[in-house]
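The values are calculated or read from the model by the stated rules, or taken from the named source; none is laboratory data. This is a predicted model, so every value here is computed, not measured. Reconstructed Cβ throughout: ideal geometry from the backbone, glycine too, with neighbour counts over all protein chains shown.
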Amino acid sequence: MGNRSKLQFAGSQGAELAGLLESPDAEPLAYVLFAHCFTCSKDVVAASRISRALVGSGYAVMRFDFTGLGSSDGDFANTNFSSNVQDLVLAADYLRTNYKAPRLLIGHSLGGTAILKAAHAIPESKGVVTIGSPADAEHVAKQFACDLDAIERDGEAEVSLAGRIFKIRKQFVDDIRENKDTHVNELRKALLVLHSPLDNTVSINQAEKIFVAAKHPKSFVSLGDADHLLRKKSDAEYVANTITGWASRYVPETASASVDKADRGHVVVTERDLKFSQTVTSDDHQWIADEPTSVGGTNYGPDPYEHLLASLGTCTAMTMRMYANRKQWPVERVSVELGHEREHGEDCVDCDENHRQIDVINRVITITGDLTEDQRSRMMDIADKCPVHRTLHNKLVIRTMPAA
């Protein structure tokens with residue numbers, strides 16, 4: 001599903017740049033500009049997978065090959081960090097002229113560093129996302145550190161990057177040295193920093209520099225054991241899911257932004273993609289609900305029963321924690337695991353003749369701490385006192401009515 005359109009526009013050095021716009025079948029929630037990693041292309045696996053996932057969640061995503069890379073014209077040896085920034089600004093101009101200006105800017109690796117710099121020239125953008133990005137452009141020189149002396153001496157050198165040969169000229173090195181300041185502290189846009197602590201190409205310390213320099217609103221999400229290029233499909237999908245959930249709060253043109261803030265104690269659920277994906281809005285929070293791909297969803301959030309289990313589980317843990325703290329008992333940790341199933345006929349211990357099927361929630365509670373057996377027993381009794389538990393056990397009436 002969705003649409004793919006090949007694009008061409010003039011880059012910073014006059015060369016024709018090759019782009020791709022992927023959009024959903026319905027009106028996009030917002031337009032996104034994606035900047036690929038250093039010496040990569042718009043078709044690198046991470047960019048492709050993240051873009052497809054964002055399209056599935058209702059966004060239109062434009063990605064393109066920087067000058068001299070992929071299908072774009074021009075000579076890579078004549079480019080530098082500054083020209084990449086200018087290419088991004090021109091790509092945003094193209095979207096603004098032919099579609100809509102991008103509200104969300106995403107950059108992977110050095111593309112993220114460039115997107116931070118370009119963001120100041122794209123006033124319509126409201127959110128910026130960096131993925132495994134260095135704080136300073138000069139950090140990329142680590143990838144050809146052994147060739148720096150030759151570049152300084154001869155003015156250029158052929159270097160091996162990710163198994164391919166590229167010509168790096170002294171003007172490139174001089175340019176990245178001059179671009180140490182990406183003006184993060186003056187960004188004035190919501191920022192999401194995504195980085196793996198096991199990234200061997202760009203240290204997570206670089207993510208810390210970006211995050212510390214930025215002003216609020218800003219968010220940081222660890223990518224666990226993901227590698228720098230996000231080769232695992234699950235890592236790319238996690239990045240996309242995280243971005244869509246975060247963007248629903250900060251990017252004005254998303255569907256969730258058009259939903260009125262819910263009253264205290266209420267939630268508002270709004271469709272995102274005319275499938276199963278939903279935006280859930282409370283008084284202070286927004287998140288995504290969905291169904292797994294096995295039943296036709298896009299798996300961008302927990303399904304309805306997972307929400308139900310989460311409600312009971314969190315309420316249980318909170319109630320037990322509150323009680324333990326009040327009693328000043330040495331409870332180190334409370335963990336609650338829940339599952340839902342249906343029991344039928346003879347398998348159903350609690351069924352009666354009129355109800356031959358019953359919904360069962362199995363709740364397994366682990367309490368860590370130096371407690372006596374009596375204290376542990378009392379803690380388990382308290383688990384049944386949580387308000388959600390009581391609600392589920394009481395006679396529950398659901399009144400459905402049309403909006404006024």
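Is it the case that region 3-11 has a residue that's buried (at least 22 other Cβ atoms within 10 Å of the Cβ) and closer than 19 Å to residue 247 by Cα?
There is no residue in region 3-11 that is buried (at least 22 other Cβ atoms within 10 Å of the Cβ) and closer than 19 Å to residue 247 by Cα.
Given the options 48, 57, name the one that is free of Cβ contacts under 8 Å to residues at least 12 places away in the same chain and assigned by TED's automatic domain parsing to the domain that holds residue 233.
The unique qualifying residue is 48.
Return only the number of the condition from (1) surrounded by 14 or more Cβ atoms within 10 Å (Cβ to Cβ); (2) under 16 Å from the mean Cα position of the chain (by Cα); (3) modelled with pLDDT of 85 or more that residue 291 does not satisfy.
Status for residue 291: all satisfied but (2).
Can you tell me how many residues within region 43-94 are among the charged types (D, E, K, R) and within 22 Å of residue 171 (Cα to Cα)?
Selection size over region 43-94: 4.
When you scan region 370-381, do you find a residue that is within 33 Å of the chain's Cα centre (by Cα), farther than 18 Å from residue 304 by Cα and modelled with pLDDT of 95 or more, even just one?
no
Would you confirm, using the coordinates I've provided, whether residue 175 is among the charged types (D, E, K, R), over 19 Å from residue 29 (Cα atoms) and either touching a helix residue (DSSP H, G or I) at 6+ places or on another chain (Cβ under 8 Å) or at pLDDT below 90 (or both)?
yes
Quick one: how many residues across region 202-237 are surrounded by fewer than 19 Cβ atoms within 10 Å (Cβ to Cβ) and assigned to a loop (DSSP other than H, G, I, E, B)?
The total comes to 9.
Yes or no: region 15-38 includes at least one residue that is crowded, with 17+ Cβ neighbours inside 10 Å, in a loop (DSSP other than H, G, I, E, B) and of a type in the set (Ser, Thr, Tyr).
no
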